[in-house]
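Read through the structure below, which is laid out as structure tokens, and then see the notes.
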Amino acid sequence: QVQLVESGGGLVQPGGSLRLSCAASGFTFSRADMNWYRQAPGKERELVATFTSAGANTNYGDSVKGRFTISRDNAKNTVYLQMNRLKPEDTGMYYCNARRGWVDSLIMDYWGKGTLVTVSS
């Protein structure tokens, strides 16, 4: 019964902020790498941010560096994405992803259903 449930999306004006949440259950959250992806209409899905399990490393897509911050609370099985200084081009469906790998194989790869972010005046 693996679940990833995103929340926090909505309509916001350019320059505004939103905080997305992803509540996870059904797997060992602390052992998983957590990712946020997004997909704009008519465009390919892109990786926005990563928070790894081992080493607690974070990585960001070039378009969001300095504006977005990924964090996680293993005690709450939740990963967050704080989005500041939002731009219209940030508009899209944001997806939470949980992933574990071993050598060249995936142990697990789970996806949420997404939450919509619209940045517009």
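The values are calculated or read from the model by the stated rules, or taken from the named source; none is laboratory data. The structure presented is a predicted model; accordingly, all values stated were derived computationally and were not measured. Note that we place each Cβ from the backbone using ideal geometry, even for glycine, and neighbour counts take in every protein chain shown. Calculation scope for accessible area: heavy atoms of the full protein, side chains included, ligands and nucleic acids excluded. Shrake-Rupley method; radii C 1.70, N 1.55, O 1.52, S 1.80 Å.
Any residue at all in the range 14-23 that is without any contact (Cβ under 8 Å) to a residue 12 or more places away in the chain and within 21 Å of Ile107 (Cα to Cα)? If you could, list the steps in order and put the result at the bottom.
Of all residues in the range 14-23, those without any contact (Cβ under 8 Å) to a residue 12 or more places away in the chain come to none.
No; the residues of the range 14-23 include none that is without any contact (Cβ under 8 Å) to a residue 12 or more places away in the chain and within 21 Å of Ile107 (Cα to Cα).
I'd like the full set of residues that are outside any strand (DSSP E or B) and in contact with a strand residue (DSSP E or B) (Cβ under 6 Å, 6 or more places away or on another chain), limited to the range 1-13. Reasoning before the result, please.
Applying the first criterion (outside any strand (DSSP E or B)) to the range 1-13 yields 1-2, 8-9, 13.
Within the range 1-13, Val2, Gly8, Gly9 qualify.
Looking only at the range 38-60, filter to residues that are under 17 Å from Val119 (Cα atoms) and of a type in the set (Lys, Arg); which one of those is least open to solvent (accessible area, probe 1.4 Å)? Give the steps one after another, and end with the answer.
Here is the first cut: in the range 38-60, the residues under 17 Å from Val119 (Cα atoms) are 38-43, 48.
Narrowing the set further to residues that are of a type in the set (Lys, Arg) leaves 38, 43.
Values: Arg38: 12, Lys43: 132 Å².
Taking the candidates together, the pick is Arg38.
Working only within the range 66-92, note down all residues that are within 15 Å of Gly10 (Cα to Cα) and polar (S, T, N, Q).
Gln82, Asn84, Thr91
Here is a list of conditions, (1) closer than 16 Å to Tyr94 by Cα; (2) out of contact with any strand residue (DSSP E or B) (no Cβ under 7 Å at 6 or more places or on another chain); (3) surrounded by 14 or more Cβ atoms within 10 Å (Cβ to Cβ), and Ser63 meets all of them except one; can you say which number that is?
(3)
Would you be able to say whether some residue in the range 30-37 is without any contact (Cβ under 8 Å) to a residue 60 or more places away in the chain and either open to solvent by 40 Å² or more (accessible area, probe 1.4 Å) or among the small types (Gly, Ala, Ser) (or both)? Let's see the steps before the verdict.
From the range 30-37, those without any contact (Cβ under 8 Å) to a residue 60 or more places away in the chain are 30; that's our starting set.
Still in the running and either open to solvent by 40 Å² or more (accessible area, probe 1.4 Å) or among the small types (Gly, Ala, Ser) (or both): 30.
Yes; the residues of the range 30-37 include at least one that is without any contact (Cβ under 8 Å) to a residue 60 or more places away in the chain and either open to solvent by 40 Å² or more (accessible area, probe 1.4 Å) or among the small types (Gly, Ala, Ser) (or both).
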